[in-house]
Amino acid sequence: MANKRTLKKQIRYICGDCAAECAMACEIIPGVDCDKLSEVICGLAKLQTESLARTTFSFDRSRSEFENAGAYRKARTAYNTAAFKKLRSEFNEQLLRIVKEMNSALPSRNKSEKVSEAQ
């Protein structure tokens with residue numbers, strides 16, 4: 001990850017694209033459960049808000065607790081790496097759950113068409 005700004009943009013793009021897919025599915029696909037997709041869009045908004053809030057955190061130790069600046073930077077980098085890795089994995093898990101909900105809103109005939117096209 002280059003920086004927090006890039007991560008926040010990616011979170012907004014992913015959630016926005018999924019919400020757009022839900023809105024488009026309501027308009028284009030006949031027989032889709034629009035109420036369920038509306039709930040999915042609300043879930044995406046909540047996921048985006050929570051994930052963006054979790055991107056801002058701080059290292060809980062000060063420079064004076066370390067013997068030198070190198071040890072401090074190394075510890076801070078390890079902390080940030082672990083925190084962003086956890087954020088990414090939790091975001092991906094929640095997003096997969098939401099995508100499954102999106103797919104369950106499709107009518108059964110569209111699901112069978114998608115499976116036969118993939119094979």
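The values are calculated or read from the model by the stated rules, or taken from the named source; none is laboratory data. The shown structure was predicted, so the numbers you read here are calculated from the model rather than taken from an experiment. FYI the Cβ positions are ideal-geometry reconstructions off the backbone, even for glycines, and counts take in every protein chain you see.
Would you check which residues across segment 28-50 are acidic (D, E) and touching a helix residue (DSSP H, G or I) at 6+ places or on another chain (Cβ under 9 Å) and list them? Across segment 28-50, the qualifying residues are D33, E39, E50.
Applying the selection to segment 56-72, what residues are at pLDDT below 90 and of a type in the set (S, T, N, Q)? The answer is T56, S58, S62, S64. Within segment 45-56, the set of residues being part of a helix (DSSP H, G or I) and not acidic (D, E) comprises A45, K46, L47, Q48, T49, S51, L52, A53, R54. Of the residues making up segment 55-72, at least one is surrounded by 15 or more Cβ atoms within 10 Å (Cβ to Cβ), more than 29 Å from Y13 (Cβ to Cβ) and touching a Phe, Trp or Tyr at 6+ places or on another chain (Cβ under 8 Å).
Cβ-Cβ distances below 7 Å connect the following pairs, each with a first residue in segment 1-26 that is in contact (Cβ under 8 Å) with a residue 40 or more places away in the chain, a second residue that is of a type in the set (V, I, T), and a separation of six or more residues or different chains: K4/T55; L7/T55; K8/T55; C18/I98; C22/V40; C22/I41; A25/V32.
With respect to I98, is the statement that it is surrounded by 12 or more Cβ atoms within 10 Å (Cβ to Cβ) and in contact with a Leu (Cβ under 8 Å, 6 or more places away or on another chain) true? So I98 fits the description; yes. Of all positions in segment 73-89, none carries a residue that is among the basic types (K, R), in a helix (DSSP H, G or I) and modelled with pLDDT of 95 or more. For segment 1-44, the tally of residues that are surrounded by 13 or more Cβ atoms within 10 Å (Cβ to Cβ), assigned to a helix (DSSP H, G or I) and among the hydrophobic types (A, V, I, L, M, F, W, C) stands at 15. I'd like to know if segment 9-25 contains one or more residues that are in contact with a Lys or Arg (Cβ under 9 Å, 6 or more places away or on another chain) and more than 30 Å from P107 (Cβ to Cβ). No, that holds for no residue.
Listed by first and then second residue, the pairs linking a residue in segment 75-101 that is acidic (D, E) to a residue that is surrounded by 11 or more Cβ atoms within 10 Å (Cβ to Cβ), with Cβ atoms under 9 Å apart and 6 or more places separating them unless they lie on different chains, are E90/S51; E90/R54; E101/K36; E101/L37; E101/E39; E101/V40; E101/G43.
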